[in-house]
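Data first, discussion second: the structure below is written as structure tokens.
The values are calculated or read from the model by the stated rules, or taken from the named source; none is laboratory data. Everything numeric in this text was worked out from a predicted model, so none of it was measured. Here Cβ is always computed from backbone atoms with ideal geometry, including for glycine, and neighbour counts include all displayed protein chains. Protein only, heavy atoms only, side chains kept; ligands, DNA and RNA dropped before computing areas. Shrake-Rupley method; radii C 1.70, N 1.55, O 1.52, S 1.80 Å.
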Amino acid sequence: MAESIENPQELINLYGGVPNLDTVKIRSVHLSRLGPMVKLRVDLPTYPETVSAEWDEFHCDTVQCQVEFINVSNFRLSNLTLPVTADITFSTGDSMASVEIEGPGSLVAFDCLPFTLVGHIGAFKASSEGSDSGRHFYVRKIDAKLFNSIPSLHQGAFYDNI
């Protein structure tokens, strides 16, 4: 799926390339009210070798971002319990792609345009239970100014825009 990302520069700046996104921890699935879009909030499977002093000072250990899929159709969801570590299969066709997200007892599947967007990249220290409810440090200055944790679902600036 990494090759489908249209805006990889922030990930490249952090990791030196785009990390593997085939298996991630899914934190939320957001169906956008602005159109047929699906946004996943995911924990990336690896942590960058070199991070900012602020991330280091606060002992961040997980990078999280949103992945956006556009022009979604044929959306199917079955027994989704979050968070879940899931495998993402992204198969491209002539003008559309098929996405299947499968984890223990969970399935999300849909068709979409054959590219993805990534945004709201940030880091946090996972709690001892694995929760992401603590302090977050975002890469983009506007995100860092607006948010210091995961916003509530009514925050359109976070959930409606990448």
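Going by the structure shown, is Pro151 under 26 Å from Leu34 (Cα atoms), in a loop (DSSP other than H, G, I, E, B), at pLDDT 95 or above and not polar (S, T, N, Q)?
Numbers: under 26 Å from Leu34 (Cα atoms): yes; in a loop (DSSP other than H, G, I, E, B): yes; at pLDDT 95 or above: no; not polar (S, T, N, Q): yes.
In short, no.
Which residues, counting only those in segment 126-152, are hydrophobic (A, V, I, L, M, F, W, C) and in contact with a strand residue (DSSP E or B) (Cβ under 8 Å, 6 or more places away or on another chain)? Break it down stepwise before answering.
Step one: filter segment 126-152 for residues hydrophobic (A, V, I, L, M, F, W, C), giving 126, 137, 139, 142, 144, 146-147, 150.
Residues satisfying the conditions are Ala126, Phe137, Val139, Ala144, Phe147, Ile150.
Just the residues that are modelled with pLDDT under 95 and among the hydroxyl-bearing types (Ser, Thr, Tyr), please, taken from segment 107-135.
Ser127, Ser128, Ser131, Ser133
Out of all the residues in segment 20-42, which are in a strand (DSSP E or B) and open to solvent by 10 Å² or more (accessible area, probe 1.4 Å)? Write out each step before concluding.
Keep residues of segment 20-42 that are in a strand (DSSP E or B), which gives 23-31, 38-42.
Correct list: Thr23, Lys25, Arg27, Ser28, Val29, His30, Leu31, Arg41.
Search segment 62-74 for residues that are farther than 14 Å from Val38 by Cα and open to solvent by less than 10 Å² (accessible area, probe 1.4 Å) and pair each with any residue that is part of a strand (DSSP E or B) and hydroxyl-bearing (Ser, Thr, Tyr) when their beta-carbon atoms are under 8 Å apart and the residues are at least 6 apart or on different chains.
Between residues of segment 62-74 that are farther than 14 Å from Val38 by Cα and open to solvent by less than 10 Å² (accessible area, probe 1.4 Å) and residues that are part of a strand (DSSP E or B) and hydroxyl-bearing (Ser, Thr, Tyr), there is no close pair.
Of all residues in segment 138-161, which are under 16 Å from the mean Cα position of the chain (by Cα), surrounded by fewer than 16 Cβ atoms within 10 Å (Cβ to Cβ) and of a type in the set (A, V, I, L, M)?
The answer is Leu153, Ala157.
Taking interchain pairs and intrachain pairs at least six residues apart, which have beta carbon atoms under 6 angstrom, with the first residue in segment 1-17 and of a type outside the set (A, V, I, L, M) and the second open to solvent by less than 70 Å² (accessible area, probe 1.4 Å) and in a loop (DSSP other than H, G, I, E, B)?
Ser4/Phe115; Glu6/Phe115; Pro8/Val18; Glu10/Val139; Tyr15/Pro48
Name the pairs: first residue in segment 133-144 and of a type in the set (Val, Ile, Thr), second residue part of a loop (DSSP other than H, G, I, E, B) and at pLDDT below 95, Cβ to Cβ under 9 Å, at least 6 apart or on different chains?
Val139/Ser52
When you check Gly122 against the structure, is it under 27 Å from Gln155 (Cα atoms) and crowded, with 17+ Cβ neighbours inside 10 Å, yes or no? Before the answer, list the steps.
Values: under 27 Å from Gln155 (Cα atoms): yes; crowded, with 17+ Cβ neighbours inside 10 Å: yes.
In short, yes.
Would you be able to say whether some residue in segment 9-16 is under 21 Å from Phe115 (Cα atoms), among the aromatic types (Phe, Trp, Tyr) and open to solvent by 40 Å² or more (accessible area, probe 1.4 Å)?
Yes, segment 9-16 contains a residue that is under 21 Å from Phe115 (Cα atoms), among the aromatic types (Phe, Trp, Tyr) and open to solvent by 40 Å² or more (accessible area, probe 1.4 Å).
Checking the conditions here, which among Thr50, Thr46 is open to solvent by 70 Å² or more (accessible area, probe 1.4 Å), β-branched (Val, Ile, Thr) and free of Cβ contacts under 8 Å to residues at least 12 places away in the same chain?
Values: Thr46 fails: free of Cβ contacts under 8 Å to residues at least 12 places away in the same chain.
Just one listed residue meets the conditions, Thr50.
How many residues does segment 125-137 hold that are within 16 Å of the chain's Cα centre (by Cα) and open to solvent by less than 90 Å² (accessible area, probe 1.4 Å)? Give the derivation first.
Narrowing segment 125-137 to residues within 16 Å of the chain's Cα centre (by Cα): 126, 131-133, 136-137.
Right, trim to open to solvent by less than 90 Å² (accessible area, probe 1.4 Å) and you get 126, 131-132, 136-137.
Residues that pass the stated criteria total 5.
Within segment 89-108, restricting attention to residues that are among the hydroxyl-bearing types (Ser, Thr, Tyr) and assigned to a strand (DSSP E or B), which residue is surrounded by the most Cβ atoms within 10 Å (Cβ to Cβ)?
The qualifying residue surrounded by the most Cβ atoms within 10 Å (Cβ to Cβ) is Ser106.
Between Thr81, Thr85, which is surrounded by fewer than 15 Cβ atoms within 10 Å (Cβ to Cβ) and touching a residue at least 60 places away in the same chain (Cβ under 8 Å)?
Working: Thr81 fails: touching a residue at least 60 places away in the same chain (Cβ under 8 Å).
One residue alone meets the criteria, Thr85.
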